[in-house]
1. Can you list, largest first and rounded to whole Å, the semi-axes you get for region 156-200 by taking the square root of 5 times each eigenvalue of its Cα gyration tensor?
2. Hey, can you find the accessible area per residue of region 161-200 for me, probe 1.4 Å, expressed in square angstrom?
3. Could you point to the residue in S193, L133, Y177 farthest towards the positive end of the chain's charge dipole, with +1 and -1 charges on the Cβ of Lys/Arg and Asp/Glu respectively?
4. If you take the Cα Rg of region 181-245 and divide it by 2.2 N^0.38 Å, with N the number of residues, what do you get?
5. For region 158-279, give the percent of accessible area contributed by carbon and sulfur heavy atoms, probe 1.4 Å, rounded to a whole number.
6. How do the peptides 24-32, 93-101 rank, highest first, by the average count of neighbouring beta carbon atoms within 10 Å per residue?
7. Classify the chain as rounded, prolate or oblate from the Cα gyration tensor: take a ≥ b ≥ c as the square roots of its eigenvalues, call it rounded if a/c is under 1.5, otherwise prolate when a/b beats b/c and oblate if not.
8. Per DSSP H run of at least 4 residues, take -39500 (n - 2.57); add these up for the chain, divide by its residues and hand me the 222 nm value, nearest 500 deg cm²/dmol.
Amino acid sequence: MPLNPLQRTDARDPAVLPRVLFTLLALVLLWPGLVLTEFRPATLVEPRNLDTFGRFLAGFWPPEVSAEFLALLGKATLETLAMATAGLALALLLAIPLSLLSSRALSVSALLSGRPGRFASIARYPVRLLLVLLRSIPEIVWALLFVRAVGLGPTAGVLAIAITYSGMLGKVYAEIYESVDQRPARALMQAGSSRLGAFLYGILPAAAQELTSYTLYRWECAVRASVIMGFVGAGGLGQMIDLSIRMFAGGEVVSILLTFLILVLAADQLSSLLRRRLA
């Protein structure tokens, strides 16, 4: 039987118009950027460019598998892993205390009354500003500076990762502390516990899994960053692939790229395994 007019529903999606307007606005804002960067996809399929690209790819085969090269490749891979791990370890030494100082989760006024005091907020501002300064400069820029200061090698990469990642880790750690349930820490503080005790037994157990997950993710990023910083002289796989490209050794380049792919996959699997064990 036909529906009563009062029972009929409008079949039109009310979100269609906002979506269309948002899409048009995005295109209007994106178009000047494409023009400014001279982005022309048609140039990729021009016959001359396709021929050049084909000859370029042909130079990458076969991969270099000589014993001498593989020994150098293994050493560079270990150097890249060591650079990422040591840099992250140094970053943690700086990020953990800075995150504790900048987080409202350890504020006595916030834990007892639920609202941070004005003086505590002002006192935390310089620490938060320091975290912003540490993470605002990319690690490759720090690597360029440290290569000039300490010379070529992984030391520059370790220091660059330590500085940039300490700011990233400190900021996110502080936000994780504040996002968990504060009631256990508040109860401990009201029972006479110190702020450190309230953190260790009231906040850390609830935040441990998220802290570990983010730390492992940052370690994966550090492995990738270590390769990139090698292009500016920080050692590891990046420096090795830079030298191979300059010598037009395509076989060596593809072997290094395959090693880097395996390294990233192994880091991802290790990270997933640790997350499941800690879940």
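1. Working: eigenvalues 202, 26, 5 Å².
With the √(5λ) rule applied to region 156-200, the semi-axes are 32, 11, 5 Å.
2. 43
3. With unit charges placed on the Cβ atoms, the residue in question is S193.
4. Details: Rg = 20.9 Å, N = 65, 2.2 N^0.38 = 10.7 Å.
Taking the Cα Rg and dividing by 2.2 N^0.38 Å, one obtains 1.94.
5. Values: 3780 of 5850 Å².
Here it works out to 65 percent.
6. 93-101, 24-32
7. Details: a/c = 2.18, a/b = 1.21, b/c = 1.79.
Oblate, because a/c is 1.5 or more while a/b does not exceed b/c.
8. -25500 deg cm²/dmol
The values are calculated or read from the model by the stated rules, or taken from the named source; none is laboratory data. Just so you know, these numbers come straight off a predicted model, no measurement behind them. FYI the Cβ positions are ideal-geometry reconstructions off the backbone, even for glycines, and counts take in every protein chain you see. The accessibility values were calculated without ligands, DNA or RNA, using every heavy atom of the protein model including side chains. Shrake-Rupley method; radii C 1.70, N 1.55, O 1.52, S 1.80 Å.
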